[in-house]
Structures are given as C-alpha cells and as structure tokens.
Amino acid sequence: MLETELVFAAAAVVVFSMGLYGLIAYAHLVRKIMALNITGSAVFLFLGAMARRSDAGVTDPVPQAMVITGIVVAVAATAFALALAKRIHARTGQTRLPEERGPR
Amino acid sequence: MQPGRVVSPWARPMLGAVPRLLAATLAGMLGAVLLVVAVDLAGAPPRDLAGHVMARLDDSGVSNPVTAVLLNFRVADTWLELGALVLALIGVVALYQGRWLASAQVLTAAHPRLLARLAGLFICLIVLVAAYLLWLGTHEPGGAFQAGAMLAGAAVLARLAGRDRMHRLPEPVLRLVMVLGFAMLLVAGGASAMRGYAFFAYAPGEATAAIFALELAATLSIAACLWGLYIAGDEHGTQHDARD
C-alpha cells in the first residue's frame with residue numbers, strides 16, 4: 001500500500017525536476033510555458049499520491065479538491081501566459097524575452 | 001509582424017553547455033531534497049483530513065465528499081479560483097485592448113461540411129453529458145469543473161467547425177456570465193453573513209439547494225471564461241496586433 005504511494009510521489013519529484021530544468025534551459029517561451037505546466041502536473045500527481053494514504057478508508061477528498069481547483073487555475077494561467085507570448089512574438093518577431101541569450 | 005526578423009518559430013534556442021549543466025545540477029539537487037521530503041511525508045501518519053470530512057459529510061448538503069469540500073467546507077478556495085479565471089481573462093482582454101470579441105467575429109475560413117454536421121451532433125451530446133455531470137456532482141464524482149470544461153470543449157468544437165454563435169450574444173451578457181460564478185458566491189457568502197451565519201456558511205437545510213445553484217452558476221462561468229480565453233488567443237487576434 002505504502003509502496004504504491006511512494007512510487008507515485010517519487011515519480012512526481014522526478015517529473016517536477018525535469019520541468020524545472022526545462023524552465024531554465026529553454027529560451028523559447030512556449031517551451032517555458034510547457035515546462036511550467038509539467039511542474040504543475042507533478043504537483044498534482046504528488047497531491048494525488050498523498051490523498052491515497054488516508055486512514056478513513058476513502059481517498060482523502062481535500063487534496064482531490066485542491067487538484068481540481070489547481071487544474072482550473074493552471075489552465076487560466078497558461079492561457080494568459082500564451083497570450084503574453086503571442087503578443088511578444090507579434091511585437092518583436094521573437095519567441096523569447098529580449099534579455100535571453102544563447103545560441104539559436 | 002516583421003518578416004525580416006522572424007526566425008523559425010520552432011528553433012530551439014537553449015542556454016550554453018555550462019549554464020545548462022548548472023541548471024541540470026540545480027534541478028537534480030532540488031529533486032534529491034524533494035525526494036527525501038516526499039519519502040518522509042509518505043511515511044508520516046496522515047493528518048486525517050478525510051476523517052473530518054467524512055464525519056461532517058451529512059451536514060454538508062451533498063453526499064460526494066469532493067463536492068462537499070469544494071462547495072462547502074473550502075468554498076473560499078473555489079471562489080478565489082473563479083476569481084483567478086476571471087483575472088486571467090481580464091489580463092488577456094487587456095492584452096488585446098478590448099478587441100478580443102471583435103476578432104472572434106471573423107469567421108472566414110471554409111469548414112468541411114462533414115465536420116460542421118458532426119459538430120452539430122456532438123455538441124448536443126456534450127451539452128447533455130455536461131448537464132449530467134453537473135447533476136451527478138452532488139453524490140458521485142462530477143460537478144461544476146467537469147461540466148464547465150465539457151461545455152467549453154463544446155464551444156471550442158463549435159468554433160473549429162464554423163458553428164460558433166456565442167459571440168453573437170451581446171458583450172455585456174457574455175461578461176455577466178463570465179463573472180456570474182464569482183459574483184454569486186460572493187453574494188451567497190455575504191447573505192449568510194448578513195443573516196448571522198459565518199461568511200460562506202450555508203443556513204441549515206439550505207445547503208443542497210444553495211450548492212446546486214452555485215454549481216450551476218460556476219459551470220456557466222467556467223465554460224464562458226475558458227471559451228473567452230480560447231477566443232482571445234485566436235489567430236485573427238494576432239493579425240489585429242500586427243497593425244498596431
């Protein structure tokens with residue numbers, strides 16, 4: 001029982017680290033937004049894993065509710081971020097922030 | 001758009017090798033720390049939030065524990081979440097300087113007739129499933145978020161098939177629907193406070209009806225907001241931008 005939750009929690013940590021790496025390493029704004037979403041998904045997976053280890057015989061509904069709330073907020077934030085990225089592209093022709101350096 | 005300066009949008013600009021290595025090290029180290037914390041957390045005895053929820057479930061007005069948390073025990077979270085949705089939409093509308101709906105009215109592309117016919121059929125089914133999910137939320141997994149996402153999907157399908165009629169609604173009506181969930185939760189919470197109950201606490205015996213009404217409002221708002229976020233990011237919007 002506990003082992004299953006540990007596997008999910010460990011997977012969540014690995015996915016979070018991958019998302020964090022992507023967020024730093026890629027300059028492309030869409031890639032950054034995708035990386036941010038990957039870290040968010042990892043958090044949701046972690047919450048789901050933690051929700052399973054409840055004594056009451058049911059999956060803990062509080063983390064489940066947090067995930068449902070979090071998904072909607074993540075979608076809204078992603079839509080706003082994508083609109084900002086499109087605006088930057090329309091204005092500058094660039095798909096990254098002006099300060100971002102590195103080879104193309 | 002300035003064609004001379006546009007590189008391939010699919011180019012993969014990355015950091016140099018050394019910063020990349022640093023980023024990987026940082027992410028790896030943070031991951032290792034998080035892993036220790038996660039193992040520690042998974043081994044610790046749970047806080048028994050589920051026990052608290054199940055003990056008071058009968059008082060909540062619904063029999064699905066997740067809906068009880070979302071619409072009763074922690075309804076402030078849901079209220080702020082609807083606020084976040086509206087806030088994101090306001091941000092996007094501000095980016096398009098209020099012309100987001102104008103761009104939605106440009107429907108020039110030819111749409112395959114099969115897609116248009118099928119979309120008409122599927123949209124009916126999706127609306128039916130959304131209504132079912134909303135009703136289901138009081139006693140089984142389902143509820144406002146699931147139903148709202150389904151309705152938004154139907155609206156996006158209608159748009160892709162050239163059958164979108166949402167933008168023909170007057171803009172004040174659309175805006176009203178978008179803030180309906182947020183506003184109604186605030187009014188319900190305030191009304192409870194005025195009648196001597198805690199803010200966001202339902203009066204005894206009224207919880208079921210109040211939750212269903214608020215869920216209906218939240219469903220419509222979530223669907224309208226997600227549709228609005230999709231519409232505003234439409235390619236026609238960018239063409240407007242280019243003429244700035």
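Below, the figures for the structure above:
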read-out	value
Matching residues, the range B:99-122, being open to solvent by 20 Å² or more (accessible area, probe 1.4 Å) and either modelled with pLDDT under 70 or within 13 Å of chain A (Cβ to nearest Cβ) (or both)	B:99, B:102, B:105, B:106, B:107, B:108, B:109, B:110
Qualifying residue in the range B:27-43 (condition: aliphatic (A, V, I, L, M), under 30 Å from residue A:94 (Cβ atoms) and at pLDDT 90 or above)	yes
Evaluation of residue A:56 against (1) in contact with a Ser or Thr (Cβ under 7 Å, 6 or more places away or on another chain); (2) at pLDDT below 85; (3) of a type in the set (Gly, Ala, Ser) (one fails), failing number	(1)
Residue match in the range B:182-195 (condition: modelled with pLDDT of 85 or more, surrounded by fewer than 20 Cβ atoms within 10 Å (Cβ to Cβ) and not in a helix (DSSP H, G or I))	yes
Contacts under 8 angstrom Cβ, first residue in the range A:9-29 being assigned to a helix (DSSP H, G or I), partner of a type in the set (Phe, Trp, Tyr), 6 or more apart	A:9/A:46; A:12/A:46; A:13/A:46; A:16/A:46
Positions within the range A:46-66 being touching a residue at least 40 places away in the same chain (Cβ under 8 Å) and either at the interface with chain B (Cβ under 8 Å from one of its Cβ atoms) or in a loop (DSSP other than H, G, I, E, B) (or both), in sequence order	A:49, A:50, A:52, A:53
Unique residue being facing another protein chain (nearest Cβ under 8 Å), closer than 30 Å to residue B:53 by Cβ and open to solvent by 50 Å² or more (accessible area, probe 1.4 Å) when the list is A:43, A:73	A:73
For residue A:6: the one exception among (1) open to solvent by less than 20 Å² (accessible area, probe 1.4 Å); (2) within 9 Å of chain B (Cβ to nearest Cβ); (3) of a type outside the set (Lys, Arg)	(1)
Residue pairs meeting the criteria (Cβ under 6 Å; at least 6 apart or on separate chains; first modelled with pLDDT of 80 or more, in the range B:159-173; second part of a helix (DSSP H, G or I))	B:161/B:115; B:161/B:116; B:161/B:119; B:171/B:101
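Per-residue answers, yes or no, for (1) of a type in the set (A, V, I, L, M, F, W, C); (2) open to solvent by 60 Å² or more (accessible area, probe 1.4 Å); (3) assigned to a helix (DSSP H, G or I):
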position	(1), (2), (3)
B:139	no, yes, no
B:163	no, yes, no
B:173	yes, yes, yes
B:199	yes, yes, no
B:215	no, no, yes
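The values are calculated or read from the model by the stated rules, or taken from the named source; none is laboratory data. Because the structure is a prediction, the values reported are computed rather than measured. As a convention, Cβ positions derive from the backbone with ideal geometry for all residues, glycine included, and neighbour counts pool all protein chains shown. Note: accessible area is taken over every heavy atom of the protein model, side chains too, but ligands, DNA and RNA are not part of it. Shrake-Rupley method; radii C 1.70, N 1.55, O 1.52, S 1.80 Å.
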